[in-house]
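To start, the structure under review is shown below, and the notes come after it.
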Amino acid sequence: GDSVTQMEGPVTLSEEAFLTINCTYTATGYPSLFWYVQYPGEGLQLLLKATKADDKGSNKGFEATYRKETTSFHLEKGSVQVSDSAVYFCALSAGTGRRALTFGSGTRLQVQP
Amino acid sequence: DARVTQTPRHKVTEMGQEVTMRCQPILGHNTVFWYRQTMMQGLELLAYFRNRAPLDDSGMPKDRFSAEMPDATLATLKIQPSEPRDSAVYFCASGLVLGQQDTQYFGPGTRLTVL
């Protein structure tokens with residue numbers, strides 16, 4: 001079945017550091033890929049998405065590129081802020097038929113001033 | 001700014017009691033999902049509906065959980081009887097699934113504690 005694997009956290013960075021959170025997936029067909037962010041005590045917010053190979057999703061300085069050859073969708077940001085501290089979830093949707101999301105385990109990011 | 005709303009935000013109950021959680025999806029969305037989040041299992045799908053019809057409830061314990069959409073503006077998730085292992089955050093999400101478009105928008109969740 002479909003699955004998503006994320007790097008273990010927590011990831012602790014200093015403000016203005018470069019961020020990478022790795023995400024790889026296993027799926028049949030051509031899934032859509034997503035990054036969601038969850039701030040403490042809140043629901044999940046869509047951060048960015050990509051629906052086909054080589055697409056780049058971007059939002060609020062975050063980027064991720066859909067790499068079919070490596071089945072990856074790594075999240076990057078050039079300069080993190082304290083306000084980026086949250087849990088980040090990589091997820092996929094099958095693209096056809098069953099559309100429920102399959103989530104990775106989440107990666108907690110802590111940014112220190 | 002359209003949002004998914006969920007009530008209650010927090011619920012504390014005793015084992016054996018009935019719990020009902022409600023969700024109002026974004027107007028115009030044709031698909032509603034229920035997910036559960038726990039520390040041990042992470043985020044897992046419980047059930048989902050397309051145009052109010054249940055499409056998949058394989059993630060739900062059938063003997064105690066039930067999910068319904070009595071109308072397009074309301075989805076409910078009921079647990080009867082509740083057990084301590086049901087303690088979790090329950091999220092509702094809605095989306096307009098059309099062709100390749102399938103982005104889901106999440107509500108704030110209901111934090112359930114069963115004593």
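The table below gives the values:
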{"quantity": "Neighbour net charge for A:TYR66 - beta-carbon separation under 14 angstrom, K R +1, D E -1", "calculated": "0"}
{"quantity": "GNM result for chain A, Cα springs below 10 Å: residue of A:PHE89, A:PHE18, A:PHE103 fluctuating most strongly", "calculated": "A:PHE18"}
{"quantity": "Residues A:CYS23, B:CYS92, sorted so that the one with the fewest Cβ neighbours within 10 Å comes first", "calculated": "A:CYS23, B:CYS92"}
{"quantity": "Most fluctuating residue given options B:SER94, B:SER58, B:SER82, as computed from a GNM of chain B linking Cα atoms under 10 Å", "calculated": "B:SER58"}
{"quantity": "Charge sum, other residues only, whose C-beta stays under 14 Å from A:GLN112's C-beta, Lys/Arg counted +1 and Asp/Glu -1", "calculated": "-2"}
{"quantity": "Average beta carbon contacts from partner chains per residue of B:38-51, 10 Å cutoff", "calculated": "2"}
{"quantity": "Relative exposure of B:HIS10, A:HIS74, judged by other C-beta atoms within 10 Å (fewest first)", "calculated": "B:HIS10, A:HIS74"}
{"quantity": "Neighbourhood net charge (9 Å Cβ-Cβ; Lys/Arg +1, Asp/Glu -1) for A:ASP54", "calculated": "+3"}
{"quantity": "Extension gain (nm, one decimal) between B:ARG50 and B:ASN30, 0.36 nm per residue minus Cα-Cα", "calculated": "6.6 nm"}
{"quantity": "Cα-based shape type of region B:20-111, given that a ≥ b ≥ c are square roots of the gyration tensor eigenvalues and the cut on a/c is 1.5", "calculated": "prolate"}
{"quantity": "Residues A:THR107, A:THR20, sorted so that the one with the fewest Cβ neighbours within 10 Å comes first", "calculated": "A:THR20, A:THR107"}
{"quantity": "Cα gyration tensor, chain A - rounded (a/c under 1.5), prolate or oblate", "calculated": "prolate"}
{"quantity": "Computed over the protein assembly as shown, the ratio Rg/Rh where both radii use C-alpha atoms and Rh is Kirkwood", "calculated": "0.97"}
{"quantity": "Chain B - charge dipole about Cα centre, Lys and Arg +1 at Cβ, Asp and Glu -1, debye rounded to 20", "calculated": "180"}
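The numbers here are math on the coordinates, done by the rules we state, and not lab data. Model, not experiment: these values are computed from the prediction. Neighbour counts are summed over all protein chains in view; Cβ atoms, including those assigned to glycine, are modelled from backbone coordinates with ideal geometry.
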